[in-house]
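Bear in mind that the values in this text are calculations on the coordinates, not laboratory data. Being a predicted model, the structure only gives us computed values, none of them experimental. Virtual Cβ from ideal backbone geometry, glycine too; neighbours counted across all protein chains shown.
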Amino acid sequence: MSVYPIILSQTSLTNRDTLTYPFEERGLQFGDGIYEVIRIYQGSYYLITEHVNRLFRSAEAIKLDLPFSKQEITSLLHDLLTQNEMASDGIVYLQATRGSAPRTHAFPPDTPANVYAYVRDMPRKTKNLTNGASAITERDTRWENCYIKSLNLLPNVLAKQKAQENGSYEAILERDGKVTECSSSNIYLVKDGKIYTHPATNRILHGCVRMRVEQFAADLDIPFVEQAFSVEDIANADELFLSSSTSEIMPIVEVDSNQVADGLPGKTTQKLQSAYEKDAGLVKERI
Ligand code: PDD
């Protein structure tokens, strides 16, 4: 755990990794806040601008005043890596809530946001990136504003737990007969040389890696079709893969105990993985 976090709030750091909040803290009591998870490779941020932009979009959506500009938080996030002498692969977790105030549902007046961020080591998931991972399907019971990176993650937590209990890596979420995304990643189906994924509506988180997948597809002349597919479509898919800051671009080779196509990572997925590694400045180190 890191020694130097960023803290922008009326909180105190009681020891190296314990922040002290009052009982009446909006994030703790209402989940009234937002967050970001930013990838770090060899001590450098990947897609930091995209994450900072999304943080501000989420803040605007929940009418939260952030106590910094995009430039200021970017500079603080860079300082965080320097102070922690970060040189490995990891993540930064950043959280902003509506602050500490007596509990009442409506926004408390004159209350500054509570913000903290810290660094954590996180190696690449090389085995799953190379061999692929398995998933289960689960009903998407989340609210209508999944484009906001909100702290309210209970449906995501329950879905991921179910996947884990099943020995699977992810839970693919389905709403009204269509696949939206996964519990903590976006998902794509490849069929006849085209990539299909749920459109970037309020039903999914607009992933920073998803934006890159769209760009890589354009560069590789692979059609990127923003059209939702169904769980039944997976049975006839050529490939399936997911994307996120922590999982990168990961092949999904088994869903609900059924193989996807031949049960091996597909060629299109592998091309996108190579594009990702190049974009993120990674040497090929998958085993
Ligand atoms: N999750 N969809 C959901 C529901 C997510 O929680 C995430 C990221 C993504 C992918 O977004 P991005 O490409 O910007 O990482 C899609 C992060 C990693 C998390 O909550 O830990």
Exercise. Give me the log10 of I(q) over I(0) for region 106-151 at q = 0.16, 0.27, 0.29, 0.33 Å⁻¹, as the Debye formula computes it from C-alpha points; what are the numbers?
Worked result: -0.94, -1.03, -1.04, -1.14
Seminar exercise, completed: The lysines whose Cα lies under 30 Å from the Cα of residue 194, excluding any fewer than 8 residues away in the same chain, are 125, 127, 149, 160, 178, 267, 271, 278, 284
Exercise. Where does the Debye-calculated log10 I(q)/I(0) of region 107-185 sit at q = 0.11, 0.13, 0.15, 0.21 Å⁻¹, using only Cα point scatterers of equal weight, no solvent?
Worked result: -0.42, -0.56, -0.70, -1.05
Problem set entry | Whole-number Å³ per residue for the convex hull built on Cα positions in region 61-204 | 181
Exercise. Taking Cα atoms, how many degrees apart are the long axis of helix 267-279 and the longest axis of the chain, rounded to 10 and kept between 0 and 90?
Worked result: 40
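Cut-off is 10 Å between beta-carbons; in what order do 41, 46 appear when sorted fewest neighbours first? Write out the running numbers ahead of the final one.
Working: 41 15, 46 22.
Arranged by neighbour count, lowest to highest, 41, 46 become 41, 46.
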Problem set entry | At q = 0.09, 0.15 Å⁻¹, base-10 log of I(q)/I(0) for the chain (Debye sum, equal scatterers on each alpha carbon) | -0.45, -1.19
Problem set entry | Length released on extending from residue 259 to residue 271, taking residue separation times 0.36 nm less the Cα-Cα span | 2.2 nm
Seminar exercise, completed: In whole angstrom, the spacing between the Cα centers of region 23-97 and region 164-184 equals 26
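Taking the Cα centre of the chain as the origin, how large is its charge dipole in debye, to the nearest 20, when only Lys and Arg (+1) and Asp and Glu (-1) carry charge on their Cβ atoms? If you can, show how the numbers build up before the last one.
Working: 30 positive and 38 negative charges, 57 e Å.
Rounded to the nearest 20 debye, it is 280 debye.
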Problem set entry | Sequence-distant residues sharing a close amide H with residue 255 (under 5 Å, placed H) | 135, 260
Problem set entry | Footprinting exposure proxy for 26, 175 (fewest neighbouring C-beta atoms within 10 Å first) | 175, 26
For this session: Evaluate the relative contact order of the chain (contact order divided by residue number), counting alpha-carbon pairs under 8 angstrom at least 6 apart; express in whole percent.
Result: 18
Seminar exercise, completed: In whole percents, the bins of 5 Å from zero upward hold the Cα-Cα pairs of region 1-138 as 2, 9, 18, 19, 17, 15, 10, 7, 3, 1, 0
Exercise. Relative to the longest principal axis of the chain, what angle (0 to 90°, nearest 10) does the C-alpha long axis of helix 154-165 take?
Worked result: 50
For this session: Kindly provide the pair-distance distribution of region 126-279 built from C-alpha pairs, with 10 Å bins from 0 and whole-percent values in order of increasing distance.
Result: 12, 47, 36, 6
